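Structure record follows, encoded as structure tokens.
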Amino acid sequence: MSYQVLARKWRPRDFEAMVGQEHVVRALRHALAEGRLHHAYLFTGTRGVGKTTLARILAKCLNCERGVGPQPCGQCGACVEIDGGRFPDLLEVDAATNTGIDEMRALQESGAYVPVRGRYKVFVIDEVHMLSKPAFNSMLKTLEEPPAHLKFILATTDPQKIPVTVLSRCLQFNLRSLSRQAIAAHLGRVLDAERLPYEPEALPLLAQAAAGSMRDALSLLDQAIAHGGGRVAAADVRAMLGALDDEWLHRLLEAIAAGDGAGAMALADEMQARSLSFDTALRELAALLTRVSLLQLVPSAIEDDAPDRAALARLAARLDPATVQLYYQIALQGRQDLERAPDEHAGFLMTLLRMLAFRPEEEADAQPAAVPVARATQEKGAFDGDWPALARALPVTGAVRQLALNAELRAWNGSAFELVVPRSLAHLAGAAYRDKLRTALEQHLGGRIDLRVSVGETRGTSAAALEAGARAAQRTEALRAMENDSVVRELIETFDARLLEASVQPTGRSGGEA
């Protein structure tokens, strides 16, 4: 006897077996029980959530030989044939491959004839949004005034592409992506019924990888059973999925919190050696940061008996809430940047380096200074209007220092400061960073400070902009010196060479290439 894959073997045969779509099942059951049958139904939702399965169950409810109702018998000829995909009055059409008007006209011509075996002729059109505009127009008339024996069931993953004229003629049901808890629980029931040994810790890993799709989850379960030789173990599933232990993520975040760049890079290299997924790593890192933030700000949201509560508490004590939020944003942005990076490993490393660049322990004098810049001195307890000089003198680190260096003084009146940051650095204008900067100003100037930080257009007068301008000026001067150098000019004239301007550095090194 040939093996039947779990996704087909465990496909629901009635409403009772549907998982996670109670809101749709309840409405359909009431309609069937009360005889309120619409002529066209539209099921929408992501892949693998049960759209086609519901269509088949509804077809059985309409054609069961024991009568129309919310519970098909599953044993009569109609029910058995529908389950087997050979009922003559159930026509399933894949609109992704049958998009044209000719196919739709043929379907409509078939619909004009009374059913061969059943009570209703049911047309199930999957991925209906793929139909061409002429095909939709051809369908409209039949949808508006169908024969009494004809029912349409449309399914789509993209309802936005369906014309409003079609949507208005259908009873629409939105199927939800399944939760990880619901998927994991169902996988456990399947394994119990199949009498296969498994570790409960493995099921949430499969559920998470399925991303809300029960069909994908069952396919992954099939793969995990084969990978583990008939046993589903958490370690085998992690190896199969390229998933990470929570311990990896905790070690990684602790290294970043401690400013241990070498340790973080070593962990990243080891992850690459084990072929672990960097996309998954950043996703899970963002999830870990979410739990750390919850423990910091809403401790009751993390269960007292949560297995990772002690590890979360250590991280929550090492990182301030504002830094956790910043790291979360960096992780999300890093995940988006992975596909544009030279390779995933490089993209992951750059994300970690970005976190290290904003680590709270960063010393103010550790800021890179590629070129010497003339700086005005700021005596403690006085302010003469030179914000760049004051910004450099403040004993702040990390993101707060970045706020000070990149902000421009828009207005100043005694103890009231109004700063503006460019739109590209809008995240620095948050209340947490502003409050820390105000505290530093009060300690440095010796009095109460009123500080406002807004986002808007800047004029290039911040400390960071001035230093960038100074570096650019020195580079221009270095380039001019290279161009006027007699040796360089002779090389250019003799060999028809050119000076690579991007390679010229204002540090005395000659970067020209002939």
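Can you sort Val164, Val237 by 1.4 Å-probe accessible area, starting with the largest? Intermediate results must be reported in sequence, preceding the final value.
On the way: Val164 115, Val237 5 Å².
So the residues, ranked largest to smallest area, are Val164, Val237.
With the Cα gyration tensor of segment 197-251 giving a ≥ b ≥ c as the square roots of its eigenvalues, does the rule (a/c under 1.5 for rounded; else a/b larger than b/c for prolate; else oblate) give rounded, prolate or oblate?
Working: a/c = 2.09, a/b = 1.30, b/c = 1.61.
Because a/c hits 1.5 or more and a/b fails to exceed b/c, segment 197-251 counts as oblate.
Under 12 Å from the 7 Å Cα→Cβ point of Asp14, by amide nitrogen: which residues of segment 69-101?
Flagged as within label range: 69-76.
I need the phi-derived Karplus couplings for segment 398-409: 6.51 cos²θ - 1.76 cosθ + 1.60, θ = phi - 60°, integer Hz, Gly and Pro marked x.
x, 5, 5, 5, 4, 4, 4, 6, 9, 7, 10, 7
Using a 1.4 Å probe and ignoring any ligands, DNA or RNA, find the accessible area of Cys73 and quote it in Å² to the nearest 10.
Its heavy atoms expose roughly 30 Å² to the probe.
Could you quote the convex hull projected area for segment 1-100, Cα atoms only and averaged over all directions, in nm²?
Details: hull surface 31.4 nm².
Over every viewing direction, the Cα hull of segment 1-100 projects on average to 7.9 nm².
For the pair Ala346 and Glu457, how long in nm is the line joining their label points, each one 7 Å along Cα→Cβ?
3.7
Where a ≥ b ≥ c are the square roots of the eigenvalues of the C-alpha gyration tensor, would you call segment 181-315 rounded, which needs a/c under 1.5, or, failing that, prolate if a/b is larger than b/c, or oblate?
On the way: a/c = 2.48, a/b = 1.49, b/c = 1.66.
Taking the square roots of the gyration eigenvalues as a ≥ b ≥ c, segment 181-315 is oblate.
Residues of segment 136-163 with backbone nitrogen within less than 13 Å of a virtual label 7 Å along the Cα-to-Cβ line of Arg105, please, listed as ranges.
Under 13 Å, as judged by backbone N against the label point of Arg105, lie 138-139 of segment 136-163.
Give a residue-ordered list of calculated ³J(HN,Hα) values for segment 129-138 (Karplus: 6.51 cos²θ - 1.76 cosθ + 1.60, θ = phi - 60°; whole Hz; x for Gly, Pro).
5, 7, 5, 6, 4, x, 5, 4, 4, 5
Say each of Arg189 and Glu483 gets a label point 7 Å from the Cα, pointing the same way as Cα to Cβ; how far apart are those two points in nm?
Result for the modelled spin labels: 7.6 nm.
Which three numbers, in whole Å and largest first, are the semi-axes of the equivalent ellipsoid of segment 134-238 derived from its Cα gyration tensor as √(5λ)?
On the way: eigenvalues 348, 37, 25 Å².
For segment 134-238, the semi-axes come out at 42, 14, 11 Å.
Quick one: give the max-minus-min coordinate of the C-alpha atoms of segment 236-308 along each principal axis, largest first, in Å.
38, 32, 18
Could you give the size of the charge dipole of segment 203-256 about its Cα centre, using +1 on the Cβ of each K and R and -1 on the Cβ of each D and E, expressed in debye and rounded to the nearest 20?
Charge dipole, segment 203-256, about its Cα centre: 160 debye, nearest 20.
Heavy atoms only, probe 1.4 angstrom, no DNA, RNA or ligands counted: give me Asp450, Asp384, Asp216, Asp485 ranked by accessible area, highest first.
If we order Asp450, Asp384, Asp216, Asp485 from most to least accessible, we get Asp384, Asp450, Asp485, Asp216.
Can you tell me what share of the DSSP beta bridges in the chain is antiparallel? A percent to the nearest 5 is fine. Display every interim value, and only then the final one.
On the way: 5 of 31 bridges.
Here the antiparallel bridges make up roughly 15 percent for the chain.
How would segment 43-134 be classified by its alpha-carbon gyration tensor: rounded, prolate or oblate, with rounded meaning a/c under 1.5 and the a/b versus b/c comparison settling the rest?
Numbers: a/c = 2.59, a/b = 1.43, b/c = 1.81.
Because a/c hits 1.5 or more and a/b fails to exceed b/c, segment 43-134 counts as oblate.
Show me the trypsin sites (Lys or Arg not before Pro) within segment 1-106 that DSSP assigns to loop and that have at most 15 other Cβ atoms within 10 Å of their Cβ.
Working: sites: Arg8, Lys9, Arg13, Arg26, Arg29, Arg36, Arg47, Lys51, Arg56, Lys60, Arg66, Arg86, Arg105; in loops: Arg13, Arg36, Arg47, Arg66, Arg86.
Counting only loop positions with at most 15 other Cβ atoms within 10 Å, the trypsin sites (Lys or Arg not before Pro) in segment 1-106 are Arg36, Arg47, Arg66, Arg86.
Exactly which chymotrypsin sites (Phe, Trp or Tyr not before Pro) in segment 91-200 are in a DSSP loop and have at most 15 other Cβ atoms within 10 Å?
Tyr113
How large is the helix-only mean residue ellipticity at 222 nm for the chain, computed as the sum of -39500 (n - 2.57) over DSSP H runs with n ≥ 4, divided by its residue count, in deg cm²/dmol to the nearest 500?
Values: 22 runs with 260 residues, N = 514.
Counting only the DSSP helices, I get -15500 deg cm²/dmol.
Taking the Cα centre of each part, how many Å lie between segment 414-491 and segment 259-293?
32
Mind giving me the nanometre distance, one decimal, between the label points for Ala226 and Ala96, set 7 Å out from Cα along Cα→Cβ?
So the two model labels end up 2.0 nm from each other.
Which value, in debye to the nearest 20, gives the size of the charge dipole of the chain about its Cα centre, when Lys and Arg are +1 and Asp and Glu are -1 at the Cβ? Walk me through the numbers on the way to the answer.
On the way: 58 positive and 65 negative charges, 383 e Å.
The dipole of the chain has a size of about 1840 debye.
Mind grabbing the base-10 log of I(q)/I(0) for the chain at q = 0.10, 0.11, 0.13 Å⁻¹? Debye formula, identical points on the C-alpha positions, no solvent, two decimal places.
Debye output, listed in q order: -0.96, -1.03, -1.20.
Greater than 27 Å separation of Cα atoms is the criterion. Which listed pairs, Lys60/Lys161; Lys51/Lys133; Lys9/Lys161, meet it? Display every interim value, and only then the final one.
Values: Lys60/Lys161 29 Å; Lys51/Lys133 23 Å; Lys9/Lys161 32 Å.
Flagged as over cut-off: Lys60/Lys161; Lys9/Lys161.
I need the phi-derived Karplus couplings for segment 149-159: 6.51 cos²θ - 1.76 cosθ + 1.60, θ = phi - 60°, integer Hz, Gly and Pro marked x.
8, 10, 10, 9, 10, 9, 9, 7, 9, 9, x
Once the other residues with Cβ under 10 Å from the Cβ of Ile82 are scored (Lys, Arg +1; Asp, Glu -1), what is the net sum? Walk me through the numbers on the way to the answer.
On the way: positive: Arg13, Arg56, Lys60, Arg86; negative: Glu81, Asp83, Asp89.
My count for the surroundings of Ile82 gives +1.
Only loop residues by DSSP count here, and only those with at most 11 other Cβ atoms within 10 Å; note down the GluC sites (Glu not before Pro) in segment 415-491 that meet that.
Numbers: sites: Glu418, Glu442, Glu457, Glu467, Glu477, Glu483, Glu490; in loops: Glu457.
In loop regions of segment 415-491 (DSSP not H, G, I, E or B), the sparsely surrounded GluC sites (Glu not before Pro) are Glu457.
The values are calculated or read from the model by the stated rules, or taken from the named source; none is laboratory data. Since the structure is predicted, the reported quantities are computational estimates derived from the model, not experimental observations. Methodologically, a virtual Cβ is constructed for each residue, glycine included, from the backbone with ideal geometry; neighbour enumeration extends over all protein chains shown. Surface areas here come from the heavy atoms of the whole protein model, side chains and all, with no ligands, DNA or RNA. Shrake-Rupley method; radii C 1.70, N 1.55, O 1.52, S 1.80 Å.
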